[in-house]
Amino acid sequence: MLRTAIYEASLRYFLAPIVPFLEDATITEVMVNGADSVYIERAGRIEPTRVAFASEDALRSAVNNLAQSVGREIDETHPVLDARLPDGSRVHAIIPPSSRQGTCLTIRKFSRVPLTLDDLVDFGSLTETAQEFLEICVRLRKNILISGGTGSGKTSLLGAMSEAVPEEERIIVIEDTNELRLHQKHCLYLEVQPATRQQHTGLDIRQLFRASLRMRPDRIIVGEVRGGEALDLIQSMISGHTGSLSTVHASSAYDALVRLETLSLMSDVELPVYVARAQVASAIHLIVQLTRSPEDGLRRVSRITEARGLDGENRYQLCDLFALQVAQEVGRYGVRLEPTGQPPSFRRELYELGMQARVRRTSSLWEAP
């Protein structure tokens, strides 16, 4: 039997209580809060279940088996585990004493068939007009930051937007835990390797990012910026590696830029705050903001905002190009992502690069020469 088959069989045995949830395509997250408390997320809503593990030892054994299968450690000195299942689902575990209620296991599931922008339009997360605009911006090599809260769909949108990257480009994807699967053939996937007893140093995102710059990339996609690698990312953007895509945890476009600025100051390079801010303002062209509705659980793009540098008082200048507008739909009121009437400052680039044939629904946003 192949090693992967043994791995899958052992995981199914140890995770038996939650296997039906892992096989249910309508469930996007499985949350185990100790042996006798299991919740799931379905259609954006969290639901309790009646499922339980036989004991805390049984749950701990499942986590230990998972760690061994991926060659990582979880114990009192390394109480946190990040890994993935054979189907690509992301796994996070934390054990006592770091977790007071017992072993916690969270599994974020991913579709085996990556979502496309067409899918997001069908789900109501995006409009066809906004889809076309984002596709054109990717081909114009704009540096785009996807912002949103936990579980708002940032990684899914990042993967969907990457579909607009031309097939002939060489793409390097850097992630903490590999989740993205791009349809382009010429893709290299780099993944963080935590330090272990056998490998004391490990490899973090900053090291992988610096290595990627020597690999002749056309595009660099960073799954999520969460530390000092933000400085490397923005410096690569302003030094010629345009067209980069990444995500960040933030609740607005302004907060996304401030967070990127703060993260860049966490690097080992000492920068004045005004220098970090100026670099962020020069590097980022667009921020795509995602929200998840508390009413229906729908994840949707709430704003597409252009970053237009700094004003005279060193403050970020932002301009919403798309925003949610209240609209009446079949006798009820809803919201729909619509253009604000403000055209992008880079609108002439479309014609300078001969891409006007791609415009079908967004002609009002692009200025003819």
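Values as computed for the structure displayed
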quantity: Residue in the range 74-90 that is surrounded by the most Cβ atoms within 10 Å (Cβ to Cβ), counting only those that are assigned to a strand (DSSP E or B) and over 18 Å from the mean Cα position of the chain (by Cα); calculated: L81
quantity: In the range 128-161, residue nearest to E352 (Cα to Cα) [restricted to those that are polar (S, T, N, Q) and at pLDDT 95 or above]; calculated: N143
quantity: Hey, R108 in contact (Cβ under 8 Å) with a residue 12 or more places away in the chain and of a type in the set (K, R) or not; calculated: yes
quantity: Any strands (runs of 3 or more DSSP E) falling wholly within the range 142-198 and containing at least 2 residues that are over 20 Å from R210 (Cβ atoms); calculated: 144-148
quantity: Qualifying residue in the range 111-122 (condition: surrounded by 15 or more Cβ atoms within 10 Å (Cβ to Cβ) and among the small types (G, A, S)); calculated: no
quantity: Some residue of the range 69-87 being assigned by TED's automatic domain parsing to the domain that holds A256, more than 23 Å from D296 (Cβ to Cβ) and of a type outside the set (D, E); calculated: no
quantity: Test: residue in the range 156-164 that is out of contact with any Leu (no Cβ under 8 Å at 6 or more places or on another chain), under 30 Å from P339 (Cα atoms) and outside the structural domain of D87 (by TED's automatic domain parsing); calculated: no
quantity: Unique match (being of a type outside the set (F, W, Y), closer than 20 Å to L233 by Cβ and at pLDDT below 95) among V280, V275, V330; calculated: V275
quantity: Subset of the range 46-70 [without any contact (Cβ under 8 Å) to a residue 12 or more places away in the chain and part of a loop (DSSP other than H, G, I, E, B)]; calculated: R50
quantity: Residue in the range 273-281 that is in contact with a helix residue (DSSP H, G or I) (Cβ under 8 Å, 6 or more places away or on another chain) and within 30 Å of R72 (Cβ to Cβ) present; calculated: no
quantity: Single unsatisfied condition, D87 versus (1) within 30 Å of L157 (Cβ to Cβ); (2) modelled with pLDDT of 85 or more; calculated: (2)
quantity: The listed residue being farther than 28 Å from R292 by Cβ and among the aliphatic types (A, V, I, L, M), out of L180, L245, L157, L188; calculated: L188
quantity: Among the residues listed as T242, T150, the single one being assigned by TED's automatic domain parsing to the domain that holds A278 and crowded, with 16+ Cβ neighbours inside 10 Å; calculated: T242
quantity: Of residues in the range 104-123 being part of a loop (DSSP other than H, G, I, E, B) and within 22 Å of E23 (Cβ to Cβ), the one modelled with the lowest pLDDT; calculated: R112
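Residue-by-condition table, conditions (1) assigned to a loop (DSSP other than H, G, I, E, B); (2) hydroxyl-bearing (S, T, Y); (3) farther than 17 Å from I94 by Cα; (4) at pLDDT 90 or above:
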{"position": "T4", "(1), (2), (3), (4)": "no, yes, yes, no"}
{"position": "E8", "(1), (2), (3), (4)": "no, no, yes, no"}
{"position": "L11", "(1), (2), (3), (4)": "no, no, yes, no"}
{"position": "I18", "(1), (2), (3), (4)": "no, no, yes, yes"}
{"position": "A25", "(1), (2), (3), (4)": "yes, no, yes, no"}
{"position": "V32", "(1), (2), (3), (4)": "no, no, no, yes"}
{"position": "D36", "(1), (2), (3), (4)": "yes, no, no, yes"}
{"position": "Y39", "(1), (2), (3), (4)": "no, yes, no, yes"}
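Okay, residues lined up against (1) buried (at least 20 other Cβ atoms within 10 Å of the Cβ); (2) in a loop (DSSP other than H, G, I, E, B); (3) in contact with a Cys (Cβ under 7 Å, 6 or more places away or on another chain):
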site: D268; (1), (2), (3): no, yes, no
site: R303; (1), (2), (3): yes, no, no
site: E306; (1), (2), (3): yes, no, yes
site: G312; (1), (2), (3): no, yes, no
site: Q342; (1), (2), (3): no, yes, yes
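The values are calculated or read from the model by the stated rules, or taken from the named source; none is laboratory data. Please read all numbers here as calculations on a predicted model, not as lab measurements. So basically every Cβ, Gly included, is an ideal-geometry build from the backbone, and we count neighbours across all protein chains shown.
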